[in-house]
Amino acid sequence: MRSRIALTTALTLILGFAVASLSGNRALGGVILLAGAALAGWWMYLAAGLRRTIIVLACVLVLFILSHPLGHLIGAWPSVLVVAAIGAGIAYLMATPPQNS
């Protein structure tokens with residue numbers, strides 16, 4: 001489940017940008033982002049609970065926002081790939097069942 005969540009997180013960012021870039025329709029890219037976030041969020045919720053899901057979705061949102069200024073520094077595609085990798089890593093690490101202590 002962890003790998004599926006991480007892969008979905010990364011592919012959501014990559015495909016969302018690719019669709020927006022290739023089609024010239026940013027809203028269509030946004031639909032991809034929302035659909036992927038909903039799917040990854042649902043799987044995260046099932047695997048790790050609400051708290052971790054909110055944390056991961058917030059982190060990915062921040063990464064998405066940061067990808068825009070980073071794109072001016074290193075280029076659009078490198079920026080998307082960097083934030084996708086970081087987002088996937090965060091999702092993978094957080095997608096563990098909560099510990100009851």
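Going by what's in this entry, would Val56 be described as part of a helix (DSSP H, G or I) and without any contact (Cβ under 8 Å) to a residue 24 or more places away in the chain? I'd like the intermediate steps shown before the answer.
Working: part of a helix (DSSP H, G or I): yes; without any contact (Cβ under 8 Å) to a residue 24 or more places away in the chain: no.
So Val56 does not fit the description; no.
Which condition number in (1) open to solvent by less than 80 Å² (accessible area, probe 1.4 Å); (2) in contact with a helix residue (DSSP H, G or I) (Cβ under 7 Å, 6 or more places away or on another chain); (3) modelled with pLDDT under 95 is the one that Met1 fails?
Among (1) open to solvent by less than 80 Å² (accessible area, probe 1.4 Å); (2) in contact with a helix residue (DSSP H, G or I) (Cβ under 7 Å, 6 or more places away or on another chain); (3) modelled with pLDDT under 95, Met1 violates only (1).
Looking only at the stretch 59-79, which residues are of a type in the set (Val, Ile, Thr) and touching a residue at least 12 places away in the same chain (Cβ under 8 Å)?
Within the stretch 59-79, just Val60 meets the criteria.
For the structure I just gave you, tell me whether Thr9 is open to solvent by less than 40 Å² (accessible area, probe 1.4 Å) and under 10 Å from the mean Cα position of the chain (by Cα).
yes
For the stretch 13-52, name all the residues that are assigned to a helix (DSSP H, G or I), touching a residue at least 40 places away in the same chain (Cβ under 8 Å) and either within 18 Å of Pro97 (Cα to Cα) or not small (Gly, Ala, Ser) (or both). Show your work before the answer.
Going residue by residue through the stretch 13-52, those that are assigned to a helix (DSSP H, G or I) are 13-23, 26-48, 50-52.
The next check asks that each one be touching a residue at least 40 places away in the same chain (Cβ under 8 Å); those that pass are 13-14, 17, 21, 40, 43-44, 46-48, 51-52.
Those that are assigned to a helix (DSSP H, G or I), touching a residue at least 40 places away in the same chain (Cβ under 8 Å) and either within 18 Å of Pro97 (Cα to Cα) or not small (Gly, Ala, Ser) (or both): Leu13, Ile14, Phe17, Ala40, Trp43, Met44, Leu46, Ala47, Ala48, Arg51, Arg52.
Is it true that Leu39 is on the phi < 0 side of the Ramachandran plot, open to solvent by 60 Å² or more (accessible area, probe 1.4 Å) and out of contact with any strand residue (DSSP E or B) (no Cβ under 9 Å at 6 or more places or on another chain)?
So Leu39 fits the description; yes.
Is it fair to say Val83 is assigned to a helix (DSSP H, G or I) and either buried (at least 20 other Cβ atoms within 10 Å of the Cβ) or touching a His at 6+ places or on another chain (Cβ under 6 Å) (or both)?
yes
Among the numbered criteria (1) over 21 Å from Tyr92 (Cα atoms); (2) of a type outside the set (A, V, I, L, M); (3) open to solvent by 40 Å² or more (accessible area, probe 1.4 Å), which one does Gly75 miss?
Every listed condition holds for Gly75 apart from (3).
The values are calculated or read from the model by the stated rules, or taken from the named source; none is laboratory data. Worth saying up front: this structure is predicted, and the values here are computed from it rather than measured. In this analysis, Cβ positions are derived from the backbone assuming ideal geometry, glycine residues included, and neighbour counts consider all displayed protein chains. Accessible surface areas use protein heavy atoms only, side chains included; no ligands, DNA or RNA. Shrake-Rupley method; radii C 1.70, N 1.55, O 1.52, S 1.80 Å.
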